[in-house]
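Would you mind keeping the following structure in view while I ask a few things?
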Amino acid sequence: MNNKRFLKIIKRIIDFLISLLAVIAMSPFFLIIAILIKLDSKGSVFFVQKRVGKNGKIFNFLKFRTMVENAEKIGLGIGVKKNDQRITKLGKFLREWTIDESPQFINILKGDISLVGPRPLPLYDGQDENLKKLWQKRTSVKPGLVSLVDIKGRNLVPWKKRLEYDIWYIDNWSLWLDFKILVLGFFAVLSRKGVYGESGINKPLK
């Protein structure tokens, strides 16, 4: 067994242990949030969307629902803007503090994603071949709960640059790099910077 393969196994063990502890520790809060979501607006507790995992595997990506039911069929569709009318009162708070992403610890336990890696995206159906190649390479590893892009400005970073950061991460991966991204990612969440992109709008990759 080569050194890099061994480190990948260590990464999977760390993913499982930390996500298991996180789910156990946060389960009372998950219950409270679930109740508040149901009281705040009509619809399911979770927003479930098909995303692309390692080697193109499709999985159900989990988030707490922050918008009205069937929001993707109205307004900006899968895009979203700051003060979007589709965002619920509770959803605004959950999004601002990235609490809506916390159910993804369940995705980690299931093996869909890792603690650190490129953020999982829907299938790319755009016409830009360069972006498509970058998108395809980033699926050679498991997507992550936290990414290098998160500490570089999140949604304020242009899509092409985001994909380039993802490729850099893949080419320079190490456990130490994962640790740094986790720590800095925590502070990035606290700063609330980049929750929305330029002009307050989050646009899908095209």
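When the solvent-accessible surface of protein heavy atoms is calculated with a 1.4 angstrom probe, in what order do VAL183, VAL80 fall, highest first? Walk me through the numbers before you get to the answer.
Details: VAL183 60, VAL80 10 Å².
Descending accessible area places them as VAL183, VAL80.
Is region 3-59 rounded, prolate or oblate when judged by the Cα gyration tensor, a ≥ b ≥ c being the square roots of its eigenvalues, rounded requiring a/c under 1.5 and prolate requiring a/b larger than b/c? Spell out each step's value before the answer.
Working: a/c = 7.23, a/b = 1.71, b/c = 4.23.
Since a/c reaches 1.5 but b/c is at least a/b, the shape of region 3-59 is classed as oblate.
Mind listing the long-range amide H neighbours of LEU121? Cut-off is under 5 Å, sequence gap 5 or more, other chains count too, H placed in the peptide plane at 1.01 Å from N.
Amide H to amide H, under 5 Å and 5 or more residues apart or across chains, LEU121 pairs with VAL52.
Quick one: grab the alpha carbon gyration tensor of region 89-173, order the square roots of its eigenvalues as a ≥ b ≥ c, and give me rounded if a/c is under 1.5, else prolate or oblate depending on whether a/b is larger than b/c. Kindly include the intermediate steps, with their values, before the conclusion.
Working: a/c = 1.78, a/b = 1.41, b/c = 1.27.
Prolate shape, in that a/c is at least 1.5 and a/b is the bigger ratio.
While we're on this one: With a 1.4 Å probe and all protein chains in place, put LYS57, LYS8, LYS63 in order of accessible area, largest first.
Values: LYS57 135, LYS8 65, LYS63 35 Å².
Putting LYS57, LYS8, LYS63 in descending order of accessible area: LYS57, LYS8, LYS63.
Whenever you get a sec, compute what percent of the accessible area on region 27-120 sits on carbon and sulfur atoms (1.4 Å probe). Each step should come with its number before you reach the end.
Details: 3050 of 5000 Å².
Carbon and sulfur: 61 percent of the exposed surface of region 27-120.
What Kirkwood radius, in Å to one decimal, follows from the Cα pairs of region 152-206? Write down the numbers at each step before the final one.
Numbers: mean 1/r = 0.0812 Å⁻¹.
Radius from the Kirkwood sum: 12.3 Å.
Loop only by DSSP, 15 or fewer other Cβ within 10 Å of the Cβ. Give me the GluC sites (Glu not before Pro) in region 1-109 that pass, ordered by residue number. Spell out each step's value before the answer.
Working: sites: GLU69, GLU72, GLU96, GLU101; in loops: GLU69.
Here the GluC sites (Glu not before Pro) that fit, given the DSSP loop and packing criteria, are GLU69.
In whole Å, how far is the Cα centre of region 106-165 from that of region 1-72?
Each part reduced to its Cα centre gives a spacing of 16 Å.
For the pairs LYS73/LYS161; LYS42/LYS92; LYS38/LYS193, note any where the Cα-Cα span goes beyond 19 Å. Spell out each step's value before the answer.
Working: LYS73/LYS161 28 Å; LYS42/LYS92 16 Å; LYS38/LYS193 28 Å.
Violating the 19 Å Cα-Cα cut-off are LYS73/LYS161; LYS38/LYS193.
Rolling a 1.4 Å sphere over the protein heavy atoms, what is the accessible area per residue of region 14-94, to the nearest Å²? Can you show the working numbers first?
Values: 5080 Å² over 81 residues.
That works out to 63 Å² for each residue.
Right, something else. Report, by chain and number, residues whose modeled amide H sits under 5 Å from the one on PHE46, excluding near sequence neighbours (fewer than 5 apart, same chain).
ARG65
TRP176 versus ASN70, label points 7 Å from Cα toward the beta carbon: distance in nm?
Placing both labels 7 Å along Cα→Cβ, they lie 5.4 nm apart.
Given an 8 Å cut-off on Cα distances and at least 6 residues of separation, report the relative contact order of the chain as a percent. Mind showing how you got there, number by number?
Numbers: 277 pairs, mean separation 45.6, N = 206.
Averaging sequence separation for qualifying contacts and normalising by length gives 22 percent for the chain.
Further question on the same structure: With springs connecting C-alpha atoms under 10 Å apart, model the chain as a Gaussian network and identify which of ARG86, ARG138, ARG65 has the largest mean-square fluctuation.
Ranking ARG86, ARG138, ARG65 by mean-square fluctuation puts ARG86 first.
Which of rounded, prolate or oblate describes region 12-113 when judged by the alpha-carbon gyration tensor and an a/c cut-off of 1.5? All intermediate terms of the calculation are to be shown ahead of the outcome.
Working: a/c = 2.37, a/b = 1.36, b/c = 1.73.
Verdict is oblate for region 12-113.
The values are calculated or read from the model by the stated rules, or taken from the named source; none is laboratory data. Keep in mind it's a predicted model, so treat the numbers as computed, not measured. Using ideal geometry, Cβ is built from the backbone for each residue, glycine included, and neighbour counts are taken over all protein chains shown. SASA here: full protein model, heavy atoms, side chains in, ligands and nucleic acids out. Shrake-Rupley method; radii C 1.70, N 1.55, O 1.52, S 1.80 Å.
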